[in-house]
Amino acid sequence: MKRVLPALMLAAVALCGPLSGAAAQEVQRGALPQGGAYAIASDPASPTAAIDVWFRAPDDGYGKPVPGLARVAATAAAAAKLESGRSLAEVVAQLGGRLNIEVFPDIVGISVVIPASDARVVLASLTAAYFTPQIDDSALHSAQSDAAVLAVQQQYETEALAHAALFAQIFASGPAHEPPIPLAADDISHVTLDQATAFAGRAFRASNAFVTLAGDVTPEILSVATPGAASGTPDPPLDSATASSSSQPTTQSGAVPGIGIAWIGPPISDERAATAMDFISDYLFYGGSGTVVRALRQKDGSLDLDGQFITLHDPGVMIVTVAGSDDGKVQGQILDAVSAMQQPLPPAAFDAAREAFLYHLSATTQTAEEEAANLGWYAAEGASGYAPGGAQYESVARSLTPDYVASVVRRYLTQPAIVRITQASATGGSS
């Protein structure tokens, strides 16, 4: 799953069991009674169950923008008391599970990982918390406190600052123009109870939900889900308007120097081009084996480099961040490596890189948690059957050729947006 910002962990006991490859291919899909959708990847051998619910919703609300509204509303719903007298967060924590809330510009995801024996209780609590939210002052204040901590934390995270600055350059308007968690912590305190309640009632309705489950779960579990209000259909995917022309590189101060580079990529509907972008990011930037990562770390082992294609409805974004240096030579080496991909790789090298890419995908889609998150993300972005780890994605990946990948680089990866993060207490890095 392509992620934009760090997630908030509300309970911290990890219980992720392996999901067998065979089970990952068998995904059962259907409609929820009120108009949402579900996807289930069953694996009876898994000791855990992962239960997600995803919604299409703008991070700053539906009318006049309210920074941080979706984050506050989503966290408040998890903190609000249910009919049992406990909140969803309390239910999950008492069962020894993990609750994870993620807000992106266009979607909101709530993920729970728990022992498989507790899946029914958690699904009932999760759907009650979001399909019929009962946010009060106490839940709102708790959510504001959590969001304010994250807002402050972002000031010390080069990757988060670079993401925010790059998306502000790439997107002229729409939910992606501003970060889901405001950079100014004071903005969080301005979210009112009425605003959070109205947002939750509209965004978190059952008819706008994509419920995904993986691990030791079966379709019968859906019988305990809270029905929610009136039936309907999910909101259409939310897109943001891109800037009309490439902007000049920008500079921003931060606690740690860094570099951010981004390119506008293909929409999720162009599955082959989107998969090619995934391949490119894997070849150049994956873990410790990407060609650019290896080259840069040989020179400076302290650099923290990350590159990924963020698969969005329209358009996707290729983004690369470096923490630890704002040196122009590092930036140039990254851009040169991307530019070199305009020429097709030799067939043998390409075949080896594609097999490595498929192996990396397999290695990162093996747990129930990963499977449920991928199914939810891709469903919410408008391509439920295309999630990595499935047969459809692998088929597309195997169709890639050296010439086609090079053509995708020439089409999308030539006009980057660039931001340099300079250390706040210093005069900046070399160029």
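The values are calculated or read from the model by the stated rules, or taken from the named source; none is laboratory data. Everything numeric in this text was worked out from a predicted model, so none of it was measured. Neighbour counts run over all protein chains shown; Cβ positions are idealised from the backbone, glycine included. Heavy atoms of the whole protein, side chains included, go into the accessibility calculation; ligands, DNA and RNA do not. Shrake-Rupley method; radii C 1.70, N 1.55, O 1.52, S 1.80 Å.
Consider residue 166 carefully, then state whether it is of a type outside the set (Lys, Arg) and either open to solvent by 50 Å² or more (accessible area, probe 1.4 Å) or over 26 Å from residue 424 (Cβ atoms) (or both). Break it down into steps so the answer makes sense when it comes.
Values: of a type outside the set (Lys, Arg): yes; either open to solvent by 50 Å² or more (accessible area, probe 1.4 Å) or over 26 Å from residue 424 (Cβ atoms) (or both): no.
Taking the combined requirement at face value, the residue does not satisfy it.
Answer with yes or no whether residue 142 is out of contact with any Leu (no Cβ under 9 Å at 6 or more places or on another chain), among the polar types (S, T, N, Q) and assigned to a helix (DSSP H, G or I).
Values: out of contact with any Leu (no Cβ under 9 Å at 6 or more places or on another chain): yes; among the polar types (S, T, N, Q): yes; assigned to a helix (DSSP H, G or I): yes.
Considered against the rule, which asks whether it is out of contact with any Leu (no Cβ under 9 Å at 6 or more places or on another chain), among the polar types (S, T, N, Q) and assigned to a helix (DSSP H, G or I), residue 142 comes out as yes.
Looking only at segment 242-263, filter to residues that are surrounded by 20 or more Cβ atoms within 10 Å (Cβ to Cβ) and not in a loop (DSSP other than H, G, I, E, B); which one of those is farthest from the chain's Cα centre (by Cα)? First the steps, then the outcome.
If we filter segment 242-263 for residues that are surrounded by 20 or more Cβ atoms within 10 Å (Cβ to Cβ), which is where we start, we get 254, 257-263.
Checking the rest, the ones that are also not in a loop (DSSP other than H, G, I, E, B) come to 254, 258-263.
Working: 254: 23, 258: 22, 259: 21, 260: 18, 261: 18, 262: 16, 263: 17 Å.
Checking each candidate, the answer is 254.
I need the full set of residues from segment 107-135 which are of a type outside the set (Gly, Ala, Ser) and open to solvent by 10 Å² or more (accessible area, probe 1.4 Å), in order please. I'd like the intermediate steps shown before the answer.
Narrowing segment 107-135 to residues of a type outside the set (Gly, Ala, Ser): 107-108, 110, 112-115, 118, 120-123, 126-127, 130-135.
Correct list: 115, 118, 120, 121, 131, 132, 133, 134, 135.
Of all residues in segment 87-106, exactly one satisfies the criterion of being touching a helix residue (DSSP H, G or I) at 6+ places or on another chain (Cβ under 7 Å), part of a helix (DSSP H, G or I) and open to solvent by 10 Å² or more (accessible area, probe 1.4 Å), namely 89. Pairs meeting the criteria (first residue in segment 33-56 and over 10 Å from residue 234 (Cβ atoms) and of a type in the set (Asp, Glu), second residue in a loop (DSSP other than H, G, I, E, B) and open to solvent by 10 Å² or more (accessible area, probe 1.4 Å), beta carbons under 9 Å, at least 6 apart or on different chains) are 43/20; 43/26; 43/216. Contact map, segment 192-205: residues that are touching a residue at least 12 places away in the same chain (Cβ under 8 Å) and part of a helix (DSSP H, G or I) paired with residues that are crowded, with 17+ Cβ neighbours inside 10 Å and of a type in the set (D, E, K, R), Cβ distance under 6 Å, separation 6+ or inter-chain. No pairs are found. Can you confirm whether residue 51 is closer than 24 Å to residue 194 by Cβ, among the aliphatic types (A, V, I, L, M) and outside any loop (DSSP other than H, G, I, E, B)? Against the criterion (closer than 24 Å to residue 194 by Cβ, among the aliphatic types (A, V, I, L, M) and outside any loop (DSSP other than H, G, I, E, B)), residue 51 does not qualify. Within segment 72-86, the residues that satisfy the criterion of being farther than 17 Å from residue 52 by Cβ and not in a loop (DSSP other than H, G, I, E, B) are 72, 73, 76, 79, 81.
Given segment 321-418, what helices (runs of 4 or more DSSP H) lie entirely inside it while holding 3 or more residues that are over 26 Å from the mean Cα position of the chain (by Cα) and among the small types (Gly, Ala, Ser)?
Numbers: elements: 328-340, 347-363, 368-380, 391-398, 402-412.
Passing ranges, in order: 328-340, 347-363.
Checked against (1) in a loop (DSSP other than H, G, I, E, B); (2) at pLDDT 95 or above, residue 63 passes all but condition (2).
Conditions tested, residue by residue: (1) farther than 19 Å from residue 106 by Cβ; (2) basic (Lys, Arg); (3) crowded, with 18+ Cβ neighbours inside 10 Å.
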{"site": "266", "(1), (2), (3)": "no, no, yes"}
{"site": "269", "(1), (2), (3)": "no, no, no"}
{"site": "277", "(1), (2), (3)": "no, no, yes"}
{"site": "282", "(1), (2), (3)": "yes, no, yes"}
{"site": "295", "(1), (2), (3)": "yes, no, no"}
{"site": "298", "(1), (2), (3)": "yes, no, no"}
{"site": "312", "(1), (2), (3)": "no, no, yes"}
{"site": "337", "(1), (2), (3)": "yes, no, yes"}
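Being hydroxyl-bearing (Ser, Thr, Tyr), open to solvent by less than 60 Å² (accessible area, probe 1.4 Å) and under 27 Å from residue 32 (Cα atoms) holds for only one residue in 212, 197, 218, 233, and it is 212. Note on segment 179-188: residues that are modelled with pLDDT under 95 and either small (Gly, Ala, Ser) or in contact with a strand residue (DSSP E or B) (Cβ under 9 Å, 6 or more places away or on another chain) (or both) amount to 2. Of all residues in segment 361-383, exactly one satisfies the criterion of being modelled with pLDDT under 95 and under 17 Å from residue 316 (Cβ atoms), namely 361.
Within segment 136-157, being open to solvent by less than 30 Å² (accessible area, probe 1.4 Å) and modelled with pLDDT under 95 holds for one residue alone: 154. What pairs come out if I take residues in segment 68-94 that are among the small types (Gly, Ala, Ser) and pair them with residues that are surrounded by fewer than 19 Cβ atoms within 10 Å (Cβ to Cβ) and not in a helix (DSSP H, G or I) whose C-beta lies under 6 Å away, six or more apart or interchain? Pairs found: 80/134; 87/81.
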